[in-house]
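A.B. asks: Questions regarding the structure given below will be posed in turn.
Here, each number is a calculation from the coordinates, and none is a lab measurement. All of these numbers come straight from a predicted model, not from anything done at the bench. Glycine also receives a Cβ, built like all others from the backbone with ideal geometry; neighbour counts cover every protein chain displayed.
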Amino acid sequence: MTSASLELAQTLDAKDDLAPIRALFECPDDTIYMDANSVGPMPKAVRGKAKGLLDDWVHLRRRGWSQRQWLEMPSLLGDCIAPLIGAAPGTVVMSDSTTLNQFKAVTHALALRPDRKVVLTQNGNFPTDVHVLQGIAKVSGGRVTIRFVDSEDEAIAALVAGVAVAALSHVDYRSGERWDMAKVTAAAHRHGALAVWDLSHSAGAVPVDVGLADADLAIGCGYKYLCTGPGGPAYIYLKPGLGDDVWPTLAGWMGHADVFAFARDFAPHPGVKKFLTGTPLVGADELASAILDVWPRVEPAKLWAKHRSLTDFLIAALRQECGSLGVTVNSPDDHARRGGNVSFSSPGAGSVVEALIDAGVISSFRKPDAIRFGVSPLVIRHVDCWTAVQRLRRILAERIWQLPKYEKVSV
Ligand SMILES: Cc1ncc(COP(=O)(O)O)c(C=O)c1O
C-alpha cells in the first residue's frame, strides 16, 4: 500500500459499494464506534422495535405469536445470517447465549463419539468457551478430559485417535489471529473427531464458510459483527444430517419434533431446531429482528472485501503514524489470517482506551497491553480508521493517557 493518508482514505471510501448501508445504523457524528467487545453496531430500527414491543405488548396479547412471528424468529434470524457463515437455509437458529450454545454443540459432538473422551481446545480460547468444557469434564466423572494447545500446528499434531471433538475459536479474541477452519477440520475428520467452531470474532466481518470447511457444528455471538443489538441472541449451526436421531443434552419443548402436540416424551426435531430450548426470548428477538432488513442487502463478498481494505489501511496507518510511539500491531499481516478486529499493543493500553473514549473513539482493552479496534464493514469507513489513528497518535505523543483521570481502567 502507498502510504496511508486522509486523501487515500477518502479515495477508498468513494469506491465503497456498502456506503449506503451505514445510513441504517446509529452512527453519532462525534463517535467512531470500534468496540470489539460485547456490543456491535446497532441498526437504527432497533429503537422502533423496542418501542413497538412495549407499546403493543398489552394489545398484542397472544397475537404476538402470529403477528410478530415470535415462534419462527429463531429460524428467521438464523436464515438471515446463514449466508455470512456459508450455511444452507434451515441449518442455523439464533437463540440463547453463546455460552449455552457452546454447551449444546460440544455435548452433542460428545454424544456422537461415545467411545472417545478427549476435547481439544486452545489455551487462549475465550474463557466462557473453556469454562463450559471444564464444567462438562467435571460432571462427566472422568469420562471427558481437556487437551489444551497453543497453535494451529500443535492442534493438528494433537488430533489423533481418541480425540472426540476439537472445540476451537476461529479467531483469537486477543490477538485477532484467524485459524484455518478447513485445514483443522480436515485433520479432525482424518482421525474420526468432530469440529465445533466459535465464530464470534469472524462472522459478519471476514470470510467464513462452514459448508466448504465441512465444520460439524458452529456457534457465535449475535451482538458483535452480526449487529443484533444489545443482548441479542447467539446462534448455532449443525451440519445437515449429523446425528438427527441423537437427543440434545438440553432437551426442551421448543426442540421437540412436534411442539404443540404437548407430548409427554421428548422426540428430537430433526436438524438444528432440536437445539431450541424453551420459549423464545421475545424481547431480545424483537430487537434483533432489525437485522432482517440489513443483511439481505449485503453481498457477503463485498463485506469481506471491504473488511480487507479497511484493515489493510488501518494496520498501515497504525504503523506509519504510531509505530515510533511504541505501537506494535498484533493482528497478522495476511488478511486470510485476520479476524474482525485489529489488535495492537501500546504503552499504557488500558488508560489509552479510556482517553480514546473521551476523544470519541470507542475501542476495547484486553490485558496486559492489547487494544482492539473492531472493524465492522457496515459502519466503519477508511476515514474513520484514519481519524481514530490520528486521535491515538495525539494521546500517545502528548502523553494524555498519563493524566490521573485515565488511571482507572474499565472492562
Ligand atoms: C469468542 C467468544 N465466545 C463467547 C463470548 C461470550 O459468550 P456469551 O454471549 O455467552 O457471554 C465471547 C464474548 O466476548 C467471545 O469473545
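A.B. asks: Angle check, please: helix 349-358 long axis (alpha carbons) against the longest principal axis of the chain (alpha carbons), in degrees 0 to 90, nearest 10.
C.D. replies: With both axes taken from Cα atoms, the answer is about 80 degrees.
A.B. asks: Could you name the aspartates and glutamates whose alpha carbon sits less than 17 Å from that of LYS49, not counting residues in the same chain fewer than 8 places away?
C.D. replies: GLU26, GLU72, ASP285, GLU286, ASP293
A.B. asks: Quick check: Cα centre of the range 248-302 to Cα centre of the range 173-203, how many Å?
C.D. replies: Here the two parts' Cα centres lie 24 Å apart.
A.B. asks: For the chain, modelled as a Gaussian network with Cα springs under 10 Å, which listed residue fluctuates most, ASP285, ASP312, ASP265?
C.D. replies: ASP265
A.B. asks: Test of understanding: express the Cα radius of gyration of the range 352-411 as a ratio to 2.2 N^0.38 Å, with N the residue count.
C.D. replies: Normalised Rg, Cα atoms only: 1.12.
A.B. asks: Grab the Cα-Cα distance for GLU299 and ASP30, subtract it from 0.36 nm times how many residues apart they are, and report the gain in nm with one decimal.
C.D. replies: In short, 94.0 nm is gained.
A.B. asks: For helix 45-60, what angle does its Cα long axis make with the longest principal axis of the chain, in degrees from 0 to 90 and rounded to 10?
C.D. replies: The helix 45-60 is inclined about 40 degrees to the chain.
A.B. asks: Relative to the first principal axis of the alpha-carbon coordinates of the chain, what is the inclination of helix 181-190, with its axis defined by its Cα atoms, in degrees from 0 to 90 and to the nearest 10?
C.D. replies: For 181-190 against the chain, the angle is about 30 degrees.
A.B. asks: What is the extension gain from SER410 to ASP258, computed as 0.36 nm multiplied by their sequence separation minus the C-alpha to C-alpha distance, in nm to one decimal?
C.D. replies: So the extension gain works out to 50.0 nm.
A.B. asks: Something else about it: I'd like the projected area of the chain, averaged over all directions, using the convex hull of its alpha carbons. Report it in nm² with one decimal.
C.D. replies: 21.1
A.B. asks: Please list, short to long, the whole-number percent of alpha-carbon pairs of the range 48-145 in consecutive 10 angstrom bins beginning at zero.
C.D. replies: Spelled out per bin, shortest first, that is 13, 29, 27, 19, 10, 1.
A.B. asks: Please give, to one decimal in nm, the separation of the simple spin-label points placed at VAL246 and SER324, each 7 Å out from Cα toward the Cβ.
C.D. replies: Here the modelled spin labels are 5.8 nm apart.
A.B. asks: To continue, here is another question. Using the eigenvalues of the Cα gyration tensor, what equivalent ellipsoid semi-axes result for the range 49-293 when each is taken as the square root of five times the eigenvalue, whole Å, largest first?
C.D. replies: With the √(5λ) rule applied to the range 49-293, the semi-axes are 31, 21, 15 Å.
A.B. asks: Quick one: grab the alpha carbon gyration tensor of the range 209-257, order the square roots of its eigenvalues as a ≥ b ≥ c, and give me rounded if a/c is under 1.5, else prolate or oblate depending on whether a/b is larger than b/c.
C.D. replies: Oblate.
A.B. asks: I've got another one for you. Do you know the relative contact order of the chain, to the nearest whole percent, from alpha carbon pairs under 8 angstrom that are 6+ apart?
C.D. replies: Computed value for the chain: 23 percent relative contact order.
A.B. asks: Moving on. Among ILE81, ILE357, ILE219, determine the one that fluctuates most according to a GNM of the chain built with springs between C-alpha atoms less than 10 Å apart.
C.D. replies: Among ILE81, ILE357, ILE219, the largest GNM mean-square fluctuation belongs to ILE357.
A.B. asks: For the chain, modelled as a GNM with alpha-carbon contacts under 10 angstrom, which of ALA388, ALA82, ALA251 fluctuates the most?
C.D. replies: Among ALA388, ALA82, ALA251, the largest GNM mean-square fluctuation belongs to ALA251.
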